[in-house]
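Report on one structure; see the data block that follows.
The values are calculated or read from the model by the stated rules, or taken from the named source; none is laboratory data. This one's a predicted model, so the numbers in the text were calculated from it and none came from an experiment. All Cβ positions, even for glycine, are placed from backbone atoms using ideal geometry, and neighbour counts span all protein chains on display. SASA here: full protein model, heavy atoms, side chains in, ligands and nucleic acids out. Shrake-Rupley method; radii C 1.70, N 1.55, O 1.52, S 1.80 Å.
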Amino acid sequence: MPDITIGRLRGGFCVYWHDETGTRRRYQLEARTRAEAEAEGRDRFLKETTANQGATVASLWEAYRDDRKGRTIAESMRHTGKAVLPAFGHFRPEQITTEDCRSQIEAWRAQGKHDGTIWTRMNHLRIVLNWAQKHHLIDRAPYIERPPQPAPRDRHLTETEIAALLAAPCEPHIKTAIILMLTTCARVTAALELTWDRVDFDRGFVNLRTGEGHRKGRAIVPINGLLRSTLETARAAALSDYVIEWGGKPVKSIKRGFARAVENAELKDVSPHVLRHTGAVHMAAAGVPMVKIAQMLGHTNTATTERTYARFAPDHLKDAAQALEFGTLKVVK
């Protein structure tokens, strides 16, 4: 959000800023405290500048991204916007109908897009419009129909598949990334952002947190034997501050290199996120308590972990099943 200033006017508060022409824009506020004025001033800025743009979906989309600058969702919506804005960007929110949503969903399906991708796109549109209503940029957010949200994918690697992937030919930085994600359950973004100052060989842990307020949890994870030997090799050859590097520069994406490694391992349907899921499944199968798995995954709520991984635990529901051993009941005369 551009710089806005809270000032005093007629015994109360006002907000002002300079527009793109250098003209000062000033508005009286109803707030009675400076804290209230800060919040109202932001809403007034958004309302005035967005209204000047016609309050189209495109202008609201960019206003939302600007409001969330520095957060992961702002970058994510830069990508989804490439698909959503050509379809909806020229509309004003009140012009969007359920039929528009359904037609676009079918159009994306015809292009071969999966419902999970389509759900994310439509949900981002819904988020923007609900935000615009909350900030009084529009009177009412329209109903945005989405396809049913697909169930979470259950793909995880067996020990045989893990061995095949680790043995598959690939670039050194790809192998380092694979082992890092498998042994820490890190998301691919966290792995690529990891710097050497957050790898503590002496105390034996990796700090996946960057301190930048990521909404998705990141953990501080112990270094096991496999990871230690991998990191020591990578550190000896390091040319930058980043653990995952190529030619002395940080790596923005491992999509292609990872896909080649998966193909060389003769595996199917494996994405980087599958490695995180694989780690959690194997911990659960080994009887690791859910609270510890939650800490490894960076979950703030253990219920989230239990909902996804409790069923992989060796004793999951065994006591419940044993309570249903009706054939062993003695007949009471």
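Please go through the range 70-79 and pick out each residue that is open to solvent by 50 Å² or more (accessible area, probe 1.4 Å) and either in a helix (DSSP H, G or I) or touching a helix residue (DSSP H, G or I) at 6+ places or on another chain (Cβ under 9 Å) (or both).
Scanning the range 70-79 gives Thr72, Glu75, Arg78, His79.
Can you find even one residue in the range 192-202 that is among the acidic types (Asp, Glu), assigned to a helix (DSSP H, G or I) and open to solvent by 10 Å² or more (accessible area, probe 1.4 Å)? Give the steps one after another, and end with the answer.
Keep residues of the range 192-202 that are among the acidic types (Asp, Glu), which gives 193, 197, 200, 202.
Checking which are assigned to a helix (DSSP H, G or I) leaves us with 193, 197.
Those still in the list that are open to solvent by 10 Å² or more (accessible area, probe 1.4 Å) too: 193, 197.
Scanning the range 192-202 turns up at least one residue that is among the acidic types (Asp, Glu), assigned to a helix (DSSP H, G or I) and open to solvent by 10 Å² or more (accessible area, probe 1.4 Å).
Those residues that are at pLDDT below 90 and in contact with a Ser or Thr (Cβ under 9 Å, 6 or more places away or on another chain), I need them from the range 57-94; list them, please.
Result: Thr72, Ser76, Arg92.
Please work out which one of (1) under 20 Å from the mean Cα position of the chain (by Cα); (2) under 25 Å from Lys292 (Cβ atoms); (3) open to solvent by less than 60 Å² (accessible area, probe 1.4 Å); (4) not acidic (Asp, Glu) is the condition Phe258 fails and give its number.
(2)
Here is a list: Ala219, Ala132, Ala177. Which entry is more than 30 Å from Arg260 (Cβ to Cβ), touching a helix residue (DSSP H, G or I) at 6+ places or on another chain (Cβ under 8 Å), touching a residue at least 40 places away in the same chain (Cβ under 8 Å) and surrounded by 18 or more Cβ atoms within 10 Å (Cβ to Cβ)?
Ala132
Could you check the range 92-129 and list, in sequence order, the residues that are closer than 22 Å to Ala55 by Cα, surrounded by fewer than 16 Cβ atoms within 10 Å (Cβ to Cβ) and not hydroxyl-bearing (Ser, Thr, Tyr)?
Arg92, Glu94, Gln95, Glu99, Asn123
I'd like to check something: does the range 153-165 contain any residue that is in a helix (DSSP H, G or I), in contact with a helix residue (DSSP H, G or I) (Cβ under 7 Å, 6 or more places away or on another chain) and within 30 Å of Ile105 (Cα to Cα)?
The answer is no; no qualifying residue exists.
Kindly indicate the residue of the range 222-250 that is charged (D, E, K, R) and either part of a loop (DSSP other than H, G, I, E, B) or within 23 Å of Ala163 (Cβ to Cβ) (or both) and also least open to solvent (accessible area, probe 1.4 Å) among those meeting that condition.
The first filter runs over the range 222-250 and keeps only residues charged (D, E, K, R), leaving 228, 232, 235, 241, 245, 249.
Still in the list and also either part of a loop (DSSP other than H, G, I, E, B) or within 23 Å of Ala163 (Cβ to Cβ) (or both): 228, 232, 241.
On the way: Arg228: 73, Glu232: 93, Asp241: 113 Å².
Within the range 222-250, the match that is least open to solvent (accessible area, probe 1.4 Å) is Arg228.
When you look at Glu266, is it at pLDDT 95 or above, part of a loop (DSSP other than H, G, I, E, B) and surrounded by fewer than 20 Cβ atoms within 10 Å (Cβ to Cβ), yes or no?
In short, yes.
Taking Ser253 as the residue in question, decide whether it is in contact with a strand residue (DSSP E or B) (Cβ under 7 Å, 6 or more places away or on another chain) and assigned to a loop (DSSP other than H, G, I, E, B).
no
Going by the conditions given, is Thr33 polar (S, T, N, Q), open to solvent by less than 60 Å² (accessible area, probe 1.4 Å) and more than 25 Å from Leu129 (Cα to Cα)?
For Thr33, the condition - polar (S, T, N, Q), open to solvent by less than 60 Å² (accessible area, probe 1.4 Å) and more than 25 Å from Leu129 (Cα to Cα) - is not met.
Among the residues of the range 54-69, are any of a type in the set (Lys, Arg), closer than 27 Å to Thr189 by Cβ and either part of a loop (DSSP other than H, G, I, E, B) or touching a Cys at 6+ places or on another chain (Cβ under 7 Å) (or both)?
yes
Might you let me know whether the range 144-153 holds any residue that is under 30 Å from Glu306 (Cβ atoms), aliphatic (A, V, I, L, M), surrounded by fewer than 12 Cβ atoms within 10 Å (Cβ to Cβ) and within 26 Å of the chain's Cα centre (by Cα)?
Yes, there is a match, as at least one residue in the range 144-153 is under 30 Å from Glu306 (Cβ atoms), aliphatic (A, V, I, L, M), surrounded by fewer than 12 Cβ atoms within 10 Å (Cβ to Cβ) and within 26 Å of the chain's Cα centre (by Cα).
Tally up the residues in the range 80-108 that are within 16 Å of Glu145 (Cβ to Cβ) and either assigned to a loop (DSSP other than H, G, I, E, B) or among the hydrophobic types (A, V, I, L, M, F, W, C) (or both), please.
Qualifying residue count, the range 80-108: 10.
Could you please let me know if Ala280 is without any contact (Cβ under 8 Å) to a residue 60 or more places away in the chain and in contact with a helix residue (DSSP H, G or I) (Cβ under 6 Å, 6 or more places away or on another chain)? Full working, then the answer.
Values: without any contact (Cβ under 8 Å) to a residue 60 or more places away in the chain: no; in contact with a helix residue (DSSP H, G or I) (Cβ under 6 Å, 6 or more places away or on another chain): yes.
Criteria not met by Ala280.
Can you pull out the residues in the range 109-148 that are assigned to a helix (DSSP H, G or I) and touching a Leu at 6+ places or on another chain (Cβ under 9 Å)?
Val128, Leu129, Trp131, Ala132
What pairs can you find where one residue is in the range 27-51 and at negative phi and in contact (Cβ under 8 Å) with a residue 60 or more places away in the chain, the other is in a helix (DSSP H, G or I) and of a type in the set (Gly, Ala, Ser), and their Cβ atoms are less than 6 Å apart, with a gap of 6+ or different chains?
Pairs found: Leu46/Ala63; Thr50/Ser59; Thr50/Ala63.
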